[in-house]
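Colleague: Before I ask anything, let me first share the structure, which is written out below as structure tokens.
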Amino acid sequence: MTILLFYGGLSSEHEISIRSEANIKEVLISLGYSIKEIFITKDGRYLYEGDEVIIIPQKGFFTKENKIEFDVAFPVLHGKNGEDGTIQALFEIVNVPYISEDIITSSIGMNKEIFHDLLYKKVPVIESKKINNYSDIDLSSYVLKPVSGGSSIGVYMMENNSQNEVEKVIKTIKNLDDDVLMQPWIKDAREIEFGVINDIKNEELLILGPVEIIKSGQLLSYDAKYNDPNLKIITKENINISPSTIQKLKQITKEVFNSLNGKVYMRVDYLVTNNEEIFLNEVNTIPGLTKTSHFIVLAKEIGFERLFNILINDALIIHEKKRRNNG
């Protein structure tokens, strides 16, 4: 079984993709899989063993006149052009099986405004509002972030800031994304996360977790996620949340996955207050997969061998079903 990994990419999460891919490559090789790699440069070139990749619809990926043979594509790409439906669209055009949610689920999951609008009547979603400038601000303590983004890049906590300060932050965020989202700052909220794995073959939806992320400050920043030695991940055996709240979070997680028409896997993130009030924050349809990433910690609950066996089977089953439906 040969897995073709796609990594790098155009987004601000380029470096995290490289770290995720290095870890996943190591794990897959240890499990006996053969690995091939396509690296996407920051300017959007696709490279295979240093050669430019030629993409031919319905036929595959080539270098010069040689086809890159593989069984399943695995995008280890974060942010724009990775988990927003674009690389998934490419796989559909080329007609290859791939380990990821489909185009629509990916694009909705990436766009926090649409995601929240879809779910706010079904589950307790954190209140969100798209803004353009300072005059749109109607809270004293709030968070500003890109509508589409990840790894906490471009996320700012604001409290009674001046108009000039706010406008500077909005301008900075708009350099990352066209749209800016405002959410209330829920002070001292706990970061609680779950993983979802859809085992299509055995008709079982696995809910992994929860885990709690213990951070140094109020904001789980990009630097804290990947470089803070004091960051702690508390696994479900030691987490201090009531069983009833955990059960409620699991039910919400299932609702989120099903509402997005999830088919493969994702991570679902919550903010939970000290009195255990729940706020759905976001989903990650291609979560970070570095050695210390939260999804990797969650995946240890079932083990990497079972995880990748399920994900690969899912990709092949979904692809075969599409092939039959298309005649």
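Colleague: Give me the Å³ per residue figure for the convex hull around the C-alpha atoms of the stretch 82-154.
Modeller: Considering the Cα atoms of the stretch 82-154, their hull volume per residue is 122 Å³.
Colleague: Return the carbon/sulfur percentage of the accessible area of the chain, one whole number, probe 1.4 Å, all protein chains in place.
Modeller: The value for the chain is 46 percent carbon and sulfur by accessible area.
Colleague: May I ask for the Rg/Rh ratio of the stretch 1-119, computed from Cα atoms with Rh as the Kirkwood radius, given to two decimals?
Modeller: That ratio equals 0.98.
Colleague: Give me the one-decimal nm value for the distance between modelled label points at Ile18 and Leu47, 7 Å along each residue's Cα-to-Cβ direction.
Modeller: In this crude label model, Ile18 to Leu47 measures out at 1.0 nm.
Colleague: If R₀ is 51 angstrom, what is the calculated FRET efficiency for the pair Asn313 and Lys171, using the beta carbon separation as r and rounding to 0.05?
Modeller: Taking R0 as 51 Å, the efficiency between Asn313 and Lys171 is 0.65.
Colleague: Taking only the alpha carbons of the stretch 257-316, what extent do you get along each of the three principal axes, in Å, biggest first?
Modeller: Its Cα atoms span 41, 27, 17 Å along the three principal axes.
Colleague: Within the stretch 121-143, list the residues whose amide N lies under 14 Å from a label point set 7 Å along Cα→Cβ of Asn160.
Modeller: 140-142
Colleague: Let me ask something additional. What list of ³J(HN,Hα) couplings, whole Hz, do you get for the stretch 191-205 from phi and the Karplus terms 6.51, -1.76, 1.60, once you set θ to phi - 60° and write x for glycine and proline?
Modeller: So the J values, rounded to whole Hz, are 8, 10, 9, 10, x, 10, 10, 9, 8, 5, 4, 9, 6, 9, 9.
Colleague: Check each of the GluC sites (Glu not before Pro) in the stretch 91-146 and keep only those in coil by DSSP with at most 16 other C-beta atoms within 10 angstrom; list them in order.
Modeller: Here the GluC sites (Glu not before Pro) that fit, given the DSSP loop and packing criteria, are Glu127.
Colleague: Measuring from label point to label point, each 7 Å out along Cα→Cβ, what is the Ile302 to Lys232 span in nm?
Modeller: 2.9 nm
Colleague: Treating each Cα of the chain as an identical point scatterer and ignoring solvent, apply the Debye formula and state log10 I(q)/I(0) at q = 0.12, 0.14, 0.15 Å⁻¹.
Modeller: Here the Debye-derived log intensity ratios amount to -0.84, -1.13, -1.29.
Colleague: Please sort by residue number the trypsin sites (Lys or Arg not before Pro) in the stretch 22-57 whose DSSP state is loop and whose Cβ has at most 15 other Cβ atoms within 10 Å.
Modeller: For trypsin sites (Lys or Arg not before Pro) across the stretch 22-57 that sit outside H, G, I, E and B with at most 15 neighbouring Cβ atoms in 10 Å, the list reads Lys42, Arg45.
Colleague: Also, quick follow-up: With a 10 Å cut-off between alpha carbons and a GNM built on the chain, which of Asn164, Asn258, Asn274 moves the most?
Modeller: Answer for the Gaussian network model of the chain: Asn164.
Colleague: Let me ask something additional. Multiply the residue gap between Asp117 and Lys64 by 0.36 nm, knock off their C-alpha separation, and tell me the result in nm, one decimal place.
Modeller: Length gained, Asp117 through Lys64: 14.5 nm.
Colleague: Next question. Loop-only trypsin sites (Lys or Arg not before Pro) in the stretch 102-177, please: DSSP not H, G, I, E or B, and at most 15 other Cβ atoms within 10 Å.
Modeller: Lys121, Lys122
Colleague: Sticking with this structure for a sec: Give me a comma-separated list of calculated 3J(HN,Hα) values for the stretch 106-122, in order, Karplus coefficients 6.51, -1.76, 1.60 applied at θ = phi - 60°, integers in Hz, x for any Gly or Pro.
Modeller: 5, 5, 5, x, 6, 8, 5, 5, 5, 4, 5, 4, 5, 9, 5, 8, 9
Colleague: What number comes out for accessible area per residue over the chain if the probe is 1.4 Å? Units Å², please.
Modeller: 46 Å²
Colleague: Can I ask one more? Of Thr290, Thr105, Thr172, which is the most mobile in a GNM of the chain whose springs link Cα atoms less than 10 angstrom apart?
Modeller: Sorting by GNM fluctuation, first place goes to Thr172.
Colleague: Anyone know which of Gly303, Gly79, Gly154 comes out most mobile in the 10 Å Cα GNM of the chain?
Modeller: Sorting by GNM fluctuation, first place goes to Gly303.
The values are calculated or read from the model by the stated rules, or taken from the named source; none is laboratory data. Being a predicted model, the structure only gives us computed values, none of them experimental. Because the Cβ atoms are built from the backbone with ideal geometry, glycine has one as well, and the counts that use them run over all protein chains shown. Just the protein is used for accessible areas: all its heavy atoms, side chains included, with ligands, DNA and RNA removed. Shrake-Rupley method; radii C 1.70, N 1.55, O 1.52, S 1.80 Å.
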